[in-house]
Every structure is written in C-alpha cells, then in structure tokens.
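Below: one structure, written as structure tokens.
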Amino acid sequence: MSVQSDVNAEMMTETLSGNQTAEEYAYLDRGGFSSEKFKIELRGLPKFYGIAELKKLMNQKLGLNTSKIKRPKNGSHWLYACFQNEEERTKAIAALNGYSWKGKSLIAEVAKPAPDPLVKKRKLEEDGIGQDKKKKEDDNRSQQQRLAEATTPYYNIPYEEQLQLKEKEIRNILMKFDNEIWKIAKQWRSKIEEQRKVHNGLSFQLLPIQKSPVTEGYRNKCEFTVGIDEETKFPTVGFRLGSYATGTVAVGPIQSLIHISENTKKAVLLFQDFVRKSSMAPFSPADYSGYWRYLTVRHSNHTGDIMLIVAIHPQKLSTEELDKIKKDLVEHFSSDESVACGIKSLYFELLIKRRAGEEAAKPTHLSGATHIVDTILNRQFRISPEAFFQINTAGAEILYQNAIEMSKVDKNTTVVDICCGTGTIGLCFAKHCGKVLGLELVAEAVKDAKANAELNNIENCQFFTGKAEDILPTVLARANEENVVAIVDPPRAGLHTRAVTQLRNTKKVKRLVYISCSPASAVKNFIDLARPSSKTLRGAPFIPVSAVPVDMFPHTKHVELAILFEREDEKSNAPENAEGTDKTNTETEMNVKYEHSDV
C-alpha cells in the first residue's frame, strides 16, 4: 500500500469513527493544486537556519522538487514541506529522514492534510461546539472593530505608547542577537561586557525610535480583496476579516480604517460600485468559482495621482468577453468622479490557479499614464504596477536620511546598493558619494531604477539585474575605490547566506548598513555578519556600531530597523593566512566572473 493510500485509509477510519468527515477533505480532489495533498513534516531542524538555505539543500543538493515550505509561527525547529505528487514526496522522505544538517539529524515523515477550515468550522457550529470564549468575544465586537484589530492592532493606543512598545520589542530582538554573539565569540566577551555598561545592556548604541511624520492615511499602496460582506451579503472590496486557515473568507469594508488615505477609499468605492453592477461574482477561495479577485491601489503622496490594478480569475471567459470587461473598466474610470479622486492610471491583471499555486500574468495597461511619480528627499521616482516602493513615503525620508548619516559616505566612497529595487536608496545616496552600484533580482525594477536615475539627472549610478548571491562579486569588482559601503535592504526573509559570505570575504567593504522590515527574521544575517572569521567567512567580521528603529507603520506592530556594521580590524580578527586567502581566492574569483559576465 502506498503512503498516500495509508493516509486515505486513516482518514476513512476517522470518518467512520465520526471524528472527521469525507467532506472536510473533498477539497483535495476538487481540482487544482493543494499544498496539503503531498505534505511532509520535517523536524529536528537547527536553531538558526534560513528558508533559502533549506530550499538549496532540498532542491539543489538533494535533487528534490519542493513546491512550498510552511513554517509555523510558534516554532522554527519543525515545518511542513509540500510536493507536487506522491513520487516526489516519497523521494523527499527517503532523502531527508536521518540526514545530518548543521549538526542536527533531520526527521521526515508523512504529514496528514489538514481538514478544510470552512467545512470544519461550519460543522463545529452546527454541533454547537464552536461557541467558545473567543467566538463570544468576536460576536460582541463590530465588524469595523474586528477589521481594525486585524489590520491596525495598535489603533486605540496613543502614538507615544506605540513607539515605546516598538522600541522595547527592538531592544529585545537586539539583546538576543547580542547574547548570541557573546556565546560564539569568546575572545570578544570582555569588550562586549564593557560596552554593555555604556549602552544600557547592549554592546552597541541603540538610538531612540524615529517617529513617522504622518500617522494617518500614510499607506501609498494597498491590496484589497473582493469578496462577500458577511453583514450586508453584498460583493465588497476590502480586507479579509480572517484567514482561510481559520475558516474565514468574509471581506469587510475599509472606510473606517485610519491608515488608508481618503482618496484611496474613494477609489475602492468606485471599483466596488463597478463590481456590484457586474453580472460576475467575486472569486470564492472555497470552491475556486467566481471572477473578481483583487484591487491594488498605488497612491502618490506628492502628486495625489492614483494607479489601479484590477485582478480577476478569468475562469473560461473568452478573449472577446475579457476585452469587453477591459472596455467597461476604462469607461467606468473615465468618469468625472474618478478624475476628481486622482485616478490617472489603470491596469488589468489575470490571476489563474495552477498546479503549483497561483500565477499572475503581467499587468496590461488599459488607460492613462503607465506610471505615477512620488518624491523622497527631493528625488522623483516613477512607480510601475509591480515596483517595490516603501509604503510610507514620509517615513522613508526619515529612514533613508538616517541611513545616509550612519554610513559616513563621502565623495571617495562607492555605495553598493544590494536589493536596490527601483533605486530609491541608491539615488538618495548619490549626491553624498562618488558612485552607486545597485543590484536587483527583478528586471522590471532595474529598468525603473535606470529611468529614475535619468529622471533626476543622476549620472553616478549603475544598476544590474540578478540574484545578489550570484552577481555580487561581479558588481563589487567594479568598485575601484578602497572605501566601499554596502547598503542592504532585502525582502522580509533576509539576505541569502552566499551573499553574506561574499560581503564578509570582500575586505574592501568597510561599512555596511542593514535595513530590515522584519528584524526578528534578519537576526541570522546579523549573526553571520558578526561571527568570528572561519574557513568559509574568511574576511574579518562586521561589528554592530549603532542601530535606529524607524516607525514606518503607525498603528501596527511592525517597525523598520537600520543597523550600522563596521569591519573589524583584519589583522587582529582574521584566522591564520585568511588575508592571503581572501586576496588570492575571492578577488581572483570575482575577476574571472567579471570577464565572462555581461553585467
């Protein structure tokens, strides 16, 4: 009997015992790919590891084909990995079970698919089991209150108290990082303990949290879901009141939320009016029926211009039917009301359920401008539908200004902007340094970065496309100056381990400013930057000097953090022969890659 057959038999046994029902697992055969169908549980993971590292181990070293990794919020020593079919899952278990990774022996076993949360919740309610304390509390709260608590959990806390909570959380994260360095760097312990007396328990300076200049209506980008309002039963454009995993697909209106601008709210209502007049239903995540999916609104705080990206699931609509929808959208958003609220750009996007999840076609421009323009530190930036741009424009000015001051750049400095996006950070640095070299994975973002340089008449910036861990040596080879400062602003998960290694091993990088929107997720990067030299990390470590939190997300628990690292003295910290190895191996490797690269 196959593993899947065993799971099916177990589910059938539970069905007969009355604990579960076949209906709760019907979604597995509904059509389309479900990450629950061929899932394993992986336990015994090391204390510190990155998801990118684990994917590399599984997909590259062990030759597996992982479609999704799901790490639970309550722990990092186990997770679920999902595969496309039974054969790939069986292969994964055989390869991973008992495998030694980072000194830990992994345990891999079949994981039973979770029951459909919507079906499970409905049955519990029918049986009168779901009326627990949490549900009773929910019943006593208005829909607006539930939505506010989900999106802006600090909305009813005075702003100064919000700042205190965030500063305390940042200090706790940095204390854990500091303690980890104390454990792994015995030779620095006396110095760390001496510095902690100066910096209130930390071995480096933590500056006071920087306030957001704007605390209401600050978001310049929001993605709204189209669904059914559980109170009015009408199609509604807003935010989900919960997740599918908790058995919730209802959508609530966003008019009372304080972090969304008034013109964005007006644009949402205009689209909601269009959806309600349409004969097509919103997409249902319960059975994959329906059409309307999302509305993304991008809003320039400088000009007030708004860009809309309307996303639908096409189901079996013909090309002619899709063209009719596009034509109707253009007509609807050409009204005087649309113009009055600042809608200047309209795009259309198809989202389709595939075996490996959901795919989006490139947004199609329907009408108006192809870009909107916003301003940070007197620099103009064009924003395309898919471009990354800090969601709090005024807060970004505070963040970038702090990064510039921390970096101590001058006209003899080359700034390497890693994960540069559309070039916002690098272009803000440009007038303070000799040269900026930016690198970014998304080709469209690099195209925008080059256009932004031209828009601002900036000539000392170059931008390159590729993964940081792949092209960083090549880009660093272009930095002729001895004084090189790296600016790192990676995605939430942090920088790839290979990119950290290359930064460590390129000794002309003297300082590094690490900007993180999820400091807790970036701690592994912090540790690898600061850990003592080794055969892999040949260059001298980067030691944290100062950190500053910036409140980019008022009324939420999130906070941005910028940390300045400075290279420790090479001679006193590098292992024996490390300096020579760095010269002969790392720089030679970089020059070889440069000769064979079109970067």
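The values are calculated or read from the model by the stated rules, or taken from the named source; none is laboratory data. These numbers come from a predicted model, not from an experiment. Don't worry about glycine lacking a Cβ; one is built from the backbone with ideal geometry, like all the others, and counts go over all protein chains shown.
Scanning region 250-267 for any residue that is part of a helix (DSSP H, G or I), surrounded by fewer than 22 Cβ atoms within 10 Å (Cβ to Cβ) and over 27 Å from the mean Cα position of the chain (by Cα) turns up at least one such residue. Within the set Ala540, Ala547, Ala562, Ala578, the sole residue that is over 30 Å from Pro153 (Cβ atoms), of a type outside the set (Phe, Trp, Tyr), crowded, with 20+ Cβ neighbours inside 10 Å and at pLDDT 90 or above turns out to be Ala540.
A residue that is in a loop (DSSP other than H, G, I, E, B) and touching a helix residue (DSSP H, G or I) at 6+ places or on another chain (Cβ under 6 Å) cannot be found anywhere in region 288-297. Of note, Ile325 satisfies the criterion of being out of contact with any Cys (no Cβ under 9 Å at 6 or more places or on another chain), surrounded by 15 or more Cβ atoms within 10 Å (Cβ to Cβ) and farther than 14 Å from Val226 by Cα.
For every residue, the table says whether it meets (1) over 23 Å from Ile192 (Cα atoms); (2) touching a strand residue (DSSP E or B) at 6+ places or on another chain (Cβ under 6 Å); (3) in the same structural domain as Gly426 (by TED's automatic domain parsing); (4) assigned to a strand (DSSP E or B).
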site	(1), (2), (3), (4)
Ala499	yes, no, yes, no
Ser534	no, no, yes, no
Ser546	no, yes, yes, yes
Lys557	yes, no, yes, no
Ile563	no, yes, yes, yes
Glu566	no, yes, yes, yes
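Scanning region 451-468 for residues that are surrounded by fewer than 19 Cβ atoms within 10 Å (Cβ to Cβ) and in contact with a His (Cβ under 8 Å, 6 or more places away or on another chain) yields one hit, Lys467.
Residues in region 369-397 that are among the hydrophobic types (A, V, I, L, M, F, W, C) and either over 22 Å from the mean Cα position of the chain (by Cα) or surrounded by 20 or more Cβ atoms within 10 Å (Cβ to Cβ) (or both): Ala369, Ile372, Val373, Ile376, Leu377, Phe381, Ile383, Ala387, Phe389, Ala396.
In region 455-485, how many are in a helix (DSSP H, G or I) and closer than 12 Å to Thr506 by Cβ? Residues flagged as in a helix (DSSP H, G or I) and closer than 12 Å to Thr506 by Cβ within region 455-485 amount to 5.
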